[in-house]
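A.B. asks: The structure follows.
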Amino acid sequence: MSRHTLTVTDNRTGRSFEVPIERGSIRAADLTDPFDTQRGPGVVIYDPGFTHTASCVSSITNIDLEAGTLEHRGYLIEDLVRDSTYVEVAYLLIYGELPTAAQLEHWLAELATRKFVHENVKRFIQGFRYDAHPMAMVGAAVGALGSFYPDGDDVRDEAARDLQILRLVAKMPTLVAYAYRHGSGRPFVYPSDELSYTGNLLSMLFRMSELEYVPSPRTERALDVLLMVHADHEQNASTTAVRAVGSTHVNPYAAIAAGVAALSGPGRGSADLAVLRMLRQIGSVENVPAYLEQVKAGNHVLMGFGHWVYKSLDPRARILREQLDQLYADRPPNPLLAVADALHARSREDEYFVSRRIFPNVDLYSGMLYEAIGIPPAMFGVMFALARSAGWIAQWREMVEDPEQGSVRPRQVWGGWAGPGSREFVPLAQRD
């Protein structure tokens, strides 16, 4: 008997069979097929939320739960943030390797020619109410791009895929900025060829009447780091949405729009806002011990701590905390930063939180960093979506090119057994 198998015994019949274990995983079909009957599968895997089910083999991002490390294509996020840029990380995620100097120069030139959007897209965004949520505007605008580029439907053609990738990476900042400008009642700012990817985003967001917009180097760098740490994070809900919608071979604009929609929910895209509300509620460092006691009593929730994946400190939290120091080097820090640091320090010394492995996550500092850059709370989720779009595109490309991936169609466990069962139809006039 191979040591790389799982032996399963059906105690109803006494029958045993072996399931191969490959790369620490088993195939669901190998586990369920032996139970097949003429009426259909005798056993299915029931996994609400798919938290115990791997939907794909991916080489893009890896998270080590115990060590608390995040790697993209084998590179630690700390190394990428230290020595790279968001555009380089996007290239790495999508194509698997860091670009050479020549490749990066070519890619930047290709992106530069595609930053603009059709004037009709501008009018489409202007058609929203002034108080429409920017996530709704960006999601709709991304999906609408598919109507401007019908060649995006040819997802099996590599050249067509690469063209849509360029368009998406180049135009996402423009759509994000236009949604913000429309909501704030400001005129749109066209993309600039004189600025970096992130500098151009800042210009389109904040430029007013300046003859020349020159972003602060510290601000530009802080935003670039924010985009990098949010670029991809394995098979989260929004990435799963992109893969699920993309599995039907729709154009990538529709798939990315699904990611934006998934990220707009309070369960994913607005945790940093909840952190800021919590920090303001605490108010000062002196109130931190009492608040933590209320958390332990179940009366409050400790936002910005704990993670579905990490069982130690989220490495992205450490990176963003360092960026706040850089950004506040020439101005007074936000008083809430001291409150966040006190929460971290006190929880690290408290057995209640340590034993439960409740450590800071990326959201503890991301909201403060966005605010320090000048980005309003309503735009936090949109900026998150912009950053994550690189990962969504990479995941979409990997999924389309994977011969094992087909149209997503989960099974279900029929719940009718708990109800009235089969029933005779009763005409409306005869119903009590």
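Taken together, the values in this text are just the output of simple stated rules run on the coordinates, not laboratory data. In this text the structure is predicted, and so the values were computed from the model without any measurement. FYI the Cβ positions are ideal-geometry reconstructions off the backbone, even for glycines, and counts take in every protein chain you see.
A.B. asks: Contour minus end-to-end for residue 131 and residue 17, with contour as 0.36 nm per residue of separation and end-to-end as the Cα-Cα distance?
C.D. replies: Numbers: separation 114, 0.36 × 114 = 41.04 nm, distance 6.02 nm.
Separation in residues times 0.36 nm, less the Cα-Cα distance, equals 35.0 nm.
A.B. asks: If you don't mind, another one. Restricting the calculation to Cα positions, tell me the Rg (one decimal) and the Dmax (whole number) of the range 250-351 in Å.
C.D. replies: Here Rg and the maximum Cα pair distance are 16.6, 54 Å.
A.B. asks: Cα to Cα, under 27 Å, and not fewer than 8 places away if on the same chain: which lysines meet these conditions relative to residue 171?
C.D. replies: The qualifying lysines are 115, 122.
A.B. asks: For the range 178-332, what does the alpha-carbon gyration tensor say about shape, rounded, prolate or oblate, given a ≥ b ≥ c as the root eigenvalues, a/c under 1.5 as rounded, and a/b over b/c as prolate? Let's see the in-between values first.
C.D. replies: On the way: a/c = 2.01, a/b = 1.20, b/c = 1.68.
Oblate is the answer for the range 178-332, as a/c is 1.5 or above yet b/c matches or exceeds a/b.
A.B. asks: I would also like to ask the following. Quick one: if you stick a label point 7 Å off each Cα along the C-beta vector at residue 194 and residue 35, how many nm between them?
C.D. replies: About 6.7 nm, to one decimal.
A.B. asks: Moving on to the next point. Provide 371, 97 in ascending order of the number of other Cβ atoms located within 10 Å of each residue's Cβ, fewest first. Intermediate results must be reported in sequence, preceding the final value.
C.D. replies: Values: 371 16, 97 10.
Fewest-to-most Cβ neighbours within 10 Å comes out as 97, 371.
A.B. asks: Ordered by residue, what ³J(HN,Hα) values in Hz, to whole numbers, does the range 10-19 give under the Karplus form 6.51 cos²θ - 1.76 cosθ + 1.60, where θ = phi - 60° and Gly and Pro are x?
C.D. replies: Running phi through 6.51 cos²θ - 1.76 cosθ + 1.60 with θ = phi - 60° gives 8, 5, 6, 10, x, 7, 10, 8, 10, 10 Hz.
A.B. asks: State to the nearest 20 debye the size of the charge dipole of the range 336-432 about its Cα centre, where the only charges are +1 on K and R beta carbons and -1 on D and E beta carbons. Could you put the intermediate results ahead of the total?
C.D. replies: On the way: 10 positive and 12 negative charges, 58 e Å.
Roughly 280 debye, rounded to the nearest 20.
A.B. asks: Just grab the label-to-label distance for residue 349 and residue 27, each label 7 Å out from Cα along the Cβ direction, in nm (one decimal).
C.D. replies: About 5.5 nm separates the two model spin labels.
A.B. asks: Please report, to two decimal places, log10 I(q)/I(0) for the chain at q = 0.11, 0.14 Å⁻¹ as given by the Debye formula with identical point scatterers on the Cα atoms and no solvent.
C.D. replies: Log10 of I(q)/I(0), two decimals: -0.94, -1.33.
A.B. asks: Further, regarding this structure: For 270, 389, 407, which order do you get if you count the other beta carbons within 10 Å of each Cβ and list the fewest first?
C.D. replies: 407, 270, 389
A.B. asks: Also, I was wondering about something else. If contacts are Cα pairs under 8 angstrom and at least 6 residues apart, what is the relative contact order of the range 93-170 in percent?
C.D. replies: Values: 26 pairs, mean separation 30.5, N = 78.
Result for the range 93-170 is 39 percent.
A.B. asks: Working out 0.36 nm times the residue gap between residue 328 and residue 166, then minus their Cα-Cα distance, what length gain in nm do you get to one decimal?
C.D. replies: Details: separation 162, 0.36 × 162 = 58.32 nm, distance 3.46 nm.
The span from residue 328 to residue 166 would gain 54.9 nm if fully extended.
A.B. asks: Using only alpha carbon pairs under 8 Å that are at least six residues apart, calculate the relative contact order of the range 55-199 and give it in whole percent.
C.D. replies: Details: 108 pairs, mean separation 30.0, N = 145.
Rounded, it is 21 percent for the range 55-199.
A.B. asks: Can you tell me which of 320, 263, 211 moves the most in a GNM of the chain? Springs connect C-alpha atoms under 10 Å apart.
C.D. replies: Checking each option, the largest mean-square fluctuation is seen for 211.
A.B. asks: Check cross-link reach from residue 296 to the lysines: straight Cα distance under 20 Å, and skip same-chain residues fewer than eight apart.
C.D. replies: Partners found: 311.
A.B. asks: Convert 10 °C to kelvin, take the viscosity as 1.306 mPa s, use the Kirkwood radius over C-alpha pairs of the range 297-432 as Rh, and evaluate the Stokes-Einstein diffusion coefficient in µm²/s, rounded to a whole number.
C.D. replies: Values: Rh = 19.8 Å.
D = 80 µm²/s.
A.B. asks: Through the Karplus equation 6.51 cos²θ - 1.76 cosθ + 1.60, θ set to phi - 60°, convert the phi angles of the range 62-73 into ³J(HN,Hα) values in whole Hz; use x for Gly and Pro.
C.D. replies: 9, 10, 8, 4, 6, 6, x, 10, 10, 10, 10, 6
A.B. asks: Another question about this same structure. Could you line up 19, 138 from fewest to most neighbouring Cβ atoms inside 10 Å? Let's see the in-between values first.
C.D. replies: Values: 19 17, 138 29.
In order of increasing Cβ crowding within 10 Å: 19, 138.
A.B. asks: If you take the beta carbon distance between residue 294 and residue 47 as r and set R0 to 35 Å, what does 1/(1 + (r/R0)^6) give as a FRET efficiency, to the nearest 0.05? Each step should come with its number before you reach the end.
C.D. replies: Details: r = 34 Å, r/R0 = 0.98.
So the FRET efficiency works out to roughly 0.55.
A.B. asks: In addition: Let a ≥ b ≥ c be the square roots of the eigenvalues of the Cα gyration tensor of the range 103-206; is it rounded (a/c under 1.5), or, if not, prolate (a/b larger than b/c) or oblate? Could you put the intermediate results ahead of the total?
C.D. replies: Values: a/c = 2.60, a/b = 1.29, b/c = 2.01.
Cα axes put the range 103-206 in the oblate bin.
A.B. asks: How big is the dipole moment of the chain about its Cα centre under a simple scheme where the beta carbon of each Lys and Arg is +1, that of each Asp and Glu is -1, and everything else is neutral? Debye, nearest 20, please. Don't skip to the end; give the middle numbers.
C.D. replies: On the way: 42 positive and 52 negative charges, 265 e Å.
Here the size comes out at about 1280 debye.
A.B. asks: Report P(r) for the range 36-173: all Cα-Cα distances, bin width 10 Å, range 0 to the bin holding the largest distance, values in whole percent.
C.D. replies: 9, 25, 28, 24, 10, 3
A.B. asks: Which whole-number percentage describes the relative contact order of the range 1-115, with Cα contacts under 8 Å and a sequence gap of 6 or more? Could the numbers behind the result be given before it?
C.D. replies: Working: 83 pairs, mean separation 11.4, N = 115.
Once normalised by length, the contact order is 10 percent.
A.B. asks: Could you check the simple spin-label distance between residue 8 and residue 234, using points 7 Å along Cα→Cβ, in nm with one decimal?
C.D. replies: A separation of 2.3 nm, rounded to one decimal place.
A.B. asks: Looking only at the range 209-234, which residues have a backbone nitrogen under 19 Å from a spot 7 Å from the Cα of residue 108 in the C-beta direction?
C.D. replies: It comes to 213-228, nothing else.
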